[in-house]
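Report on the structure given below.
The values are calculated or read from the model by the stated rules, or taken from the named source; none is laboratory data. Everything quoted here is computed from the prediction, not taken from an experiment. Using ideal geometry, Cβ is built from the backbone for each residue, glycine included, and neighbour counts are taken over all protein chains shown. Just so you know, the surface numbers come from the protein's heavy atoms only, side chains and all, with ligands and any DNA or RNA stripped out. Shrake-Rupley method; radii C 1.70, N 1.55, O 1.52, S 1.80 Å.
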Amino acid sequence: MIKDNIGNTALEKHEALSRQYGTGIWIKEEYRNPGGSSKDRVAWYMVQDAIKYNKIPEGGIFVEASSGNTGISLALIARELGYQCKIFVSKSTSFEKILMLQRLGAQVEVCLNSNGPLDENSTQFKAKTFADQHPEAYFTNQYYNEANIEAHYQTTGPEIWRQMEGQVTHVLIGMGTGGTISGIGKYLKEKNPNIQIWGVEPINSIYQLIVQDMPIPEDQTKFDPIEGIGRTFIPGSFDPSVVDQVFQVSADKTKKIAHLFSHQNKQLTGYSSAAVLAALDEHAKVMNLKSSDRMVIVFPDHGDRYLEKLYSNKAGNKNGDLGFKHV
Ligand SMILES: Cc1ncc(COP(=O)(O)O)c(C=O)c1O
């Protein structure tokens with residue numbers, strides 16, 4: 001059963017990063033989930049909730065608006081449990097994720113954007129419209145589903161606490177729906193309110209404004225494209241009360257860090273994972289981490305989902321950049 005393999009992912013101290021930034025840094029390796037990302041946890045909780053409360057008929061269609069990872073997790077779980085799956089992705093979703101969704105048997109619809117339920121060209125609007133028109137369909141709606149935060153509150157947060165033996169001072173997490181940071185933050189703050197919960201988003205995303213209680217400009221519809229993170233609207237799956245600070249990074253810096261980290265570690269890092277590394281690098285002075293600090297950073301997925309976008313020649317990556325020998 002897929003559920004037996006979801007969660008309990010490794011948490012490894014990264015010695016080189018710890019030396020580089022003069023503090024203890026551990027990586028929560030969420031790409032080790034069976035569907036390849038942290039979204040397995042959320043998909044499992046949303047599916048269980050839908051089945052338990054009869055929100056979907058037997059063999060019905062799970063519908064979701066997703067940058068790809070939630071869709072992949074839902075497709076895997078739906079297939080195992082005998083359901084169908086229809087995923088609305090935005091046109092910025094990577095080629096690898098769309099191909100994987102199709103191979104897992106999901107129907108894929110590509111939309112213009114993911115700007116929230118009020119924009120009729122968005123993944124969220126199209127997914128809701130489809131579910132409204134098809135009684136056999138259920139829109140899991142990760143942006144407003146309580147199971148999104150709950151999955152991380154019940155599983156990822158406790159895992160981090162246990163794996164760090166309660167000795168964690170900071171957590172640094174990319175924010176898309178906000179579910180990961182909200183669930184982990186809520187759990188860890190209950191254990192120790194002094195733990196700093198820090199978020200990462202692309203330049204011009206709105207989470208920083210929300211956390212600082214600042215007005216959100218009406219024309220705030222564009223942010224630097226870093227797949228999986230960033231928002232133009234306030235989702236119900238985000239709880240600003242457990243987030244202490246938000247750091248913004250550019251897509252350019254994130255790409256550079258992705259290449260550098262992959263070269264040094266001989267491992268392809270995911271796009272939003274690289275954004276967390278970029279935040280660490282760009283904002284190290286403000287973060288002011290001490291040698292005694294113990295920070296957990298979350299890697300939600302793996303670089304193999306972004307081969308074309310991040311690591312191919314097309315993405316501006318030169319042959320040999322990753323240190324592989326050409327024979
Ligand atoms: C690769 C990746 N990183 C980060 C996130 C953000 O996680 P959350 O939606 O819990 O904020 C997502 C969400 O889709 C993602 O796919």
The FRET efficiency for Gln167 and Glu58, from their Cβ-Cβ distance with R0 = 35 Å and rounded to 0.05, is 0.15
Under a 1.4 Å probe, what is the accessible area of the chain per residue, stated in Å²?
45 Å²
Just grab the label-to-label distance for Ser250 and Leu112, each label 7 Å out from Cα along the Cβ direction, in nm (one decimal).
2.8 nm
So what does Ile51 come to for accessible area, using a 1.4 Å probe and Å² rounded to 10?
60 Å²
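Among Lys285, Lys253, Lys86, Lys266, what's the order by accessible area (1.4 angstrom probe), most exposed first?
Lys285, Lys266, Lys253, Lys86
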Computed, not fitted: 222 nm per-residue ellipticity of the chain from DSSP H runs ≥ 4 (each -39500 (n - 2.57)), nearest 500, equal to -10500 deg cm²/dmol
What are the radius of gyration and Dmax of the range 139-196, computed over its Cα atoms and given in Å?
11.5, 39
Computed for the chain: size of charge dipole around the Cα centre, +1 on C-beta of each Lys and Arg, -1 on C-beta of each Asp and Glu, debye to nearest 20, value 800 debye
At q = 0.08, 0.10, 0.14 Å⁻¹, what log₁₀ I(q)/I(0) does the chain have when each alpha carbon counts as one equal point scatterer in the Debye sum?
-0.34, -0.54, -1.09
Percent of Cα-Cα pairs more than 20 Å apart in the range 39-139, please.
31 percent
Given pairs Lys52/Lys86; Lys189/Lys255; Lys28/Lys128; Lys3/Lys266 and cut-off 26 Å on Cα-Cα distance, the over-length ones are Lys189/Lys255; Lys28/Lys128; Lys3/Lys266
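If you roll a 1.4 angstrom probe over the protein chains with everything in place, what fraction of the accessible area of the range 174-267 belongs to carbon and sulfur, to the nearest %?
Taking all protein chains in place, the range 174-267 shows 48 percent carbon and sulfur surface.
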Dipole of the range 39-139 [Lys/Arg +1, Asp/Glu -1 at C-beta], most positive-end residue of Val89, Leu104, Thr129
Leu104
Considering only protein heavy atoms and a 1.4 Å probe, what is the carbon-and-sulfur percentage of the accessible area of the range 39-139?
51 percent
